[in-house]
1. Please state which of the following conditions residue A:132 fails to meet, knowing it meets all the rest: (1) out of contact with any helix residue (DSSP H, G or I) (no Cβ under 9 Å at 6 or more places or on another chain); (2) more than 14 Å from chain B (Cβ to nearest Cβ); (3) within 30 Å of residue B:79 (Cβ to Cβ).
2. Among the candidates A:145, A:240, single out the residue that is farther than 24 Å from residue A:94 by Cα and modelled with pLDDT under 90.
3. Mind checking whether some residue in region B:86-97 is within 9 Å of chain A (Cβ to nearest Cβ), in a helix (DSSP H, G or I), surrounded by 17 or more Cβ atoms within 10 Å (Cβ to Cβ) and at pLDDT 80 or above?
4. Note down all Cβ pairs under 7 Å where the first residue falls in region A:147-165 and is more than 8 Å from chain B (Cβ to nearest Cβ), the second is not in a loop (DSSP other than H, G, I, E, B), and they're at least six residues apart or on different chains.
5. crowded, with 21+ Cβ neighbours inside 10 Å and over 30 Å from residue A:194 (Cβ atoms): which single residue out of A:112, A:56, A:71, A:133 fits that description?
6. Given A:32, A:44, A:64, which one is surrounded by fewer than 15 Cβ atoms within 10 Å (Cβ to Cβ) and either without any contact (Cβ under 8 Å) to a residue 24 or more places away in the chain or at positive phi (or both)?
7. Among the listed residues A:240, A:207, A:213, identify the single one that is surrounded by fewer than 23 Cβ atoms within 10 Å (Cβ to Cβ), assigned to a helix (DSSP H, G or I) and facing another protein chain (nearest Cβ under 8 Å).
8. Residue A:230 versus (1) at positive phi; (2) at the interface with chain B (Cβ under 10 Å from one of its Cβ atoms): which is the lone unmet condition?
């Protein structure tokens, strides 16, 4: 009985519609497909939720309003005043990651956020955006962010590189956190799913574990979207208010 | 959720005990009041078990997820950067060594920051030496 478990097979990128511009491969892949689905679902949810806005919200309006308020509250609490301008960005980011994560939990679907290139692109957008915001708002003063106050001059030679390093590490931690969580969770699900295949009635045990794991993954999916958004808010707060 | 548990357990024991035989059926409302008082007293007696509000909980969970990866990634990225510098400048192995230690420093710093105060940005500054922008923000934070 050959148990063939390929837990990483689910992350394969497949070209659905091959497209090439010169030597550039811009094929429409399954990853792109699920990004499209996420965007369409988010748009549909928001349009449905705001189409017939009533004082007493209906179901769709409730969901849309809850999400709006959740993110608005997050931006207000964590990024401080003056951060409301960036609410649309954080809201979009949060919903995109949330929907990608949740869509990935559907069997036979594809988890966009389990690819580091996707999460890194998102994190890099946040990083570059936040840096630009800081420079635009504070000019050269922005560099003060890297100089700890109340430190002996000599120590600055050590501390400024550390501060710089810890600033430039942000996009990596941001992207790796999301990617690693999704990758690990889905691999684990696939492994236990693989155990269940071809072991007869014993399949009950791996399946029971899988049920628990799906619950855990649901939590992780929500939590990671939340963490990504909240860290974006904190970085924005740094750039907006310096210290 | 956590708060409700002691109240329920007290209620259960109250039902299980044969109170009825002592002095006829007492007023059920009075008994309920007694039990509530006991439950409240018990709850107040252990303030440590008091759950924070959901925002605090969310922040705590987020914090936990943040610190773990932060430390490791800081070191890995620093080593990678050192390796790249060495490759470009031909200074092997010094760039990697120096940046490894800097990476450890940066990792510890970010973990410390995440634990000591989640809003402490890059470059820690004592709270009383803040410029006007941050002051307004803090006041605003306090009322939230």
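1. (1)
2. Working: A:240 fails: farther than 24 Å from residue A:94 by Cα.
Selected residue: A:145, the only one of A:145, A:240 that is farther than 24 Å from residue A:94 by Cα and modelled with pLDDT under 90.
3. Let us first name the residues in region B:86-97 that are within 9 Å of chain A (Cβ to nearest Cβ), namely none.
Scanning region B:86-97, I find no residue that is within 9 Å of chain A (Cβ to nearest Cβ), in a helix (DSSP H, G or I), surrounded by 17 or more Cβ atoms within 10 Å (Cβ to Cβ) and at pLDDT 80 or above, so the answer is no.
4. A:151/A:159; A:160/A:146; A:164/A:146
5. Working: A:112 fails: over 30 Å from residue A:194 (Cβ atoms); A:56 fails: crowded, with 21+ Cβ neighbours inside 10 Å; A:133 fails: crowded, with 21+ Cβ neighbours inside 10 Å.
Exactly one residue qualifies, and that residue is A:71.
6. Working: A:32 fails: surrounded by fewer than 15 Cβ atoms within 10 Å (Cβ to Cβ); A:64 fails: surrounded by fewer than 15 Cβ atoms within 10 Å (Cβ to Cβ).
Every option except A:44 fails the conditions.
7. Values: A:207 fails: facing another protein chain (nearest Cβ under 8 Å); A:213 fails: facing another protein chain (nearest Cβ under 8 Å).
The unique qualifying residue is A:240.
8. (1)
The values are calculated or read from the model by the stated rules, or taken from the named source; none is laboratory data. This one's a predicted model, so the numbers in the text were calculated from it and none came from an experiment. Cβ sites come from the backbone with ideal geometry, for glycine too, and all protein chains shown count toward neighbours.
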